[in-house]
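Shown next, in structure tokens, is the structure this report addresses.
Read the figures in this text as sums done on the coordinates, not as results from a lab. Here the structure is a predicted model, which means the values were calculated and not measured. Methodologically, a virtual Cβ is constructed for each residue, glycine included, from the backbone with ideal geometry; neighbour enumeration extends over all protein chains shown.
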Amino acid sequence: QGPFVESGGGLVQPGGSLRLSCTASGSIFSLYVVGWYRQAPGKQREWVAQISRAGSADYADSVRGRFTISRDNAKNTVYLQMNSLKPEDTAVYYCNKGVPEMSYWGQGTQVTVSS
């Protein structure tokens, strides 16, 4: 299994929405707890949300109620629906296992929230 691949980022105005996707090769992807993480300029990478194999989700306080994580195991894909975006959500977003492993970090996808 290689690095996870993130996509779907972009430039959006405050209050807007984006949906990020995380994909990986290999049939065992559906067995993983998968998490989304983000790193803003000058800050450490932080955990955003995660989803269990069965679909149970958990969120950081900063995004709870605005972001929704989901997964489609048949497509080996985990999504992050981001609504009511704020400038402080600006960051590079990454996905990895629930307990991250170095070999699974991908390039990330840039999310910029600005008017």
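A few comments on the model shown:
- Magnitude of the charge dipole, the chain, Cβ model with Lys/Arg +1 and Asp/Glu -1, debye to 20: 100 debye
- Most mobile of Gly16, Gly35, Gly98 in a GNM of the chain (Cα contacts under 10 Å): Gly16
- Stretchable slack from Thr112 to Gln44, in nm (0.36 nm times residue separation minus alpha-carbon distance): 22.8 nm
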